[in-house]
Protein chains: 2
Amino acid sequence: MVVEQLESPDPDAVVEAAKTAFRNGAMLTVEAECEVEYEGRTSGYLGPGDRILVAKPDGTFLVHQPTGHKPVNWMPGGGSVSTRVSEGEPVLLARRSNPTERVEVRIHECYGLTRFDATDGATYEESGTEAEMHEYIAENPDVLEEGLRIVEHERETKYGFVDFYAVDANGTPVVVEVKRIQATLNHFDQLQRYVSLYEDGKTPAESPGGGVTAGDGVRGMLVAPSASDRVKRALRDNGLEFVGLSEFGLDAKGSTEAKLTDF
Amino acid sequence: MVVEQLESPDPDAVVEAAKTAFRNGAMLTVEAECEVEYEGRTSGYLGPGDRILVAKPDGTFLVHQPTGHKPVNWMPGGGSVSTRVSEGEPVLLARRSNPTERVEVRIHECYGLTRFDATDGATYEESGTEAEMHEYIAENPDVLEEGLRIVEHERETKYGFVDFYAVDANGTPVVVEVKRIQATLNHFDQLQRYVSLYEDGKTPAESPGGGVTAGDGVRGMLVAPSASDRVKRALRDNGLEFVGLSEFGLDAKGSTEAKLTDF
DNA sequence: TTTTAAATTTCGATA
DNA sequence: TATCGAAGTTTAAAA
């Protein structure tokens, strides 16, 4: 039997079923009216209400309210979930260390419980990621600029990794930062930090602010499908460049399409 | 009846129950062997395996494998979920626009299904957030530095928001960036960006790199519980300062403790 | 609606 | 194990 369902189980039955699920490495789903407390990186409390609780064999624990993508409380995998009856009510406790934290759920009324002996060997295959954008640029540097030549991919520097270190048609070095999504101020920051490392023979300590602009012997290029005006201005003000690149690797991006029948 | 459970429902029963749940604004949970396809910001495919599916009345849709905190596929709230039988199998389709994307789940075998008429009026109360850290600093600026005076909180600048704009005992301006967690290079970037705006009478365009270091008439201070060596070096090299601050607002942080009985 | 930054971010790769 | 950066990030707040 892959699934065992209980309707309105009493506290002892809830704890018993939960223990069976944990012991057998099954997934546990509980529909219940409950109270939740979290103590760890921050602390919080959620008063009584109806939620779905999910416990996975890897220690993952989720508390889902009737709305919202994110669980209102949770515990990432790696920890452990335990259960017991306390003051006549079932309690689920999810714990982990590093960081030390805990989520405790006190169940006032359990409407339903499902134990699920799930088997899943499949892994998610994704297309259209930033890694694929990198591949596309590495193979087609001309889409950024005519005559651009990639010298190094993922070059490590003192302050972090540069996506691409390239040289333009005139032999001028170009530091390239690539983003799959609309560029943000933080992305501008990143490029600025990397560019600051490529001053001619100067260390950041010798060049207050670590700043370098076009003309100092190195160019900085932020590649993304779009950017807000503020980001574009920040780039311009600091002698950096924006290159819009929205379409890339279309073949790869569409490779997993049409595997399921369309509606 | 708050919960209705079906065990091994046939395709028509799955679709019927799902439609009832969507119509009544109930939460739907399905244990099933299924295949998943996503098309939107990227695209992806997940082969057959056992998963838990959750549909919420706000359009949220989640596909959970037996491990991991994050759903392998999902749709945030705001869209809609529909269902129908296709080629003899139940199919769940979650869609939204802006951005346009869709998750389609083809159910090969449904082990269990639960409809849950959930009512939850409670909201999560949290302590120990960065906002509270700001309050604590605003009320106790001396924990950063003796004689420091806060001039403005959340000051908007040309390139973003400065957490605190302050003045030290000597009257020198201090730009303060606050982080609740260990400081990262991106946090250093943020501070560097803000500090670059406070040069004496110079616009960033007039000061290549927008860089400013101690001595230029403005100080930059990154406040966090800790920072990696690389971050500390980046700060030092650029004339910026690190202030360790781990304990803050203990009273507030502990205010929600002990609401549930300890184990 | 767009922008901006936080998040109990999680997750994966790398040193 | 710590660090660093991506993510279909999501969420909330502000303009």
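The values are calculated or read from the model by the stated rules, or taken from the named source; none is laboratory data. Note that the structure is a prediction, hence the values are computed from the model and not measured. A quick note on method: Cβ atoms are made from the backbone with ideal geometry, for glycine too, and the neighbour counts reach across all protein chains shown. Areas reflect the complete protein model, heavy atoms only, side chains present, ligands, DNA and RNA absent. Shrake-Rupley method; radii C 1.70, N 1.55, O 1.52, S 1.80 Å.
Restricting attention to the range A:7-38 and to residues that are open to solvent by 50 Å² or more (accessible area, probe 1.4 Å) and under 19 Å from A:Lys56 (Cα atoms), the residue that is nearest to the chain's Cα centre (by Cα) turns out to be A:Phe22. Before we move on, is B:Glu109 acidic (Asp, Glu) and within 10 Å of chain A (Cβ to nearest Cβ)? Against the criterion (acidic (Asp, Glu) and within 10 Å of chain A (Cβ to nearest Cβ)), B:Glu109 qualifies.
For residues in the range A:112-128 being facing another protein chain (nearest Cβ under 7 Å) and over 30 Å from A:Ser8 (Cβ atoms), which is modelled with the lowest pLDDT? Result: A:Gly128.
Sub-9 Å Cβ pairs linking a first residue in the range B:129-140 that is more than 14 Å from chain A (Cβ to nearest Cβ) to a second residue that is assigned to a helix (DSSP H, G or I) and open to solvent by 60 Å² or more (accessible area, probe 1.4 Å), at least 6 apart or interchain, number zero.
Only one residue in A:Arg84, A:Arg41, A:Arg106, A:Arg115 is away from DNA strand D (no atom under 16 Å from the Cβ), surrounded by fewer than 18 Cβ atoms within 10 Å (Cβ to Cβ) and touching a residue at least 60 places away in the same chain (Cβ under 8 Å). Which one?
Of the residues listed, the single one that is away from DNA strand D (no atom under 16 Å from the Cβ), surrounded by fewer than 18 Cβ atoms within 10 Å (Cβ to Cβ) and touching a residue at least 60 places away in the same chain (Cβ under 8 Å) is A:Arg84.
Of the residues that make up the range A:118-128, is at least one surrounded by fewer than 16 Cβ atoms within 10 Å (Cβ to Cβ) and in a helix (DSSP H, G or I)? For the range A:118-128, residues surrounded by fewer than 16 Cβ atoms within 10 Å (Cβ to Cβ) and in a helix (DSSP H, G or I): absent.
Being open to solvent by 10 Å² or more (accessible area, probe 1.4 Å) and under 20 Å from A:Asp50 (Cα atoms) is the filter; apply it to the range B:55-74 and report the residue that is nearest to the other protein chains (Cβ to nearest Cβ).
My answer is B:Asp58.
Apart from one condition, A:Arg51 fits all of (1) over 22 Å from A:Glu87 (Cα atoms); (2) facing chain B (nearest Cβ under 7 Å); (3) buried (at least 21 other Cβ atoms within 10 Å of the Cβ); the exception is (1).
Only a single criterion out of (1) under 27 Å from A:Cys110 (Cβ atoms); (2) away from DNA strand C (no atom under 16 Å from the Cβ); (3) within 23 Å of the chain's Cα centre (by Cα) is not satisfied by B:Gly68, namely (2). Cβ separations smaller than 8 Å between residues 6+ apart or across chains give the following pairs from the range B:220-247 residues that are more than 14 Å from chain A (Cβ to nearest Cβ) to residues that are within 13 Å of DNA strand D (Cβ to nearest atom) and not in a strand (DSSP E or B): B:Val223/B:Lys179; B:Glu241/B:Leu235; B:Phe242/B:Val231; B:Phe242/B:Lys232; B:Phe242/B:Leu235; B:Gly244/B:Pro225; B:Gly244/B:Ser226; B:Leu245/B:Pro225. I want to confirm something. Restricting to the range A:141-154 and keeping residues that are open to solvent by 60 Å² or more (accessible area, probe 1.4 Å) and either closer than 28 Å to B:Tyr38 by Cα or not in a loop (DSSP other than H, G, I, E, B) (or both), which single residue is farthest from DNA strand C (Cβ to nearest atom)? Out of the qualifying residues, it is A:Asp142.
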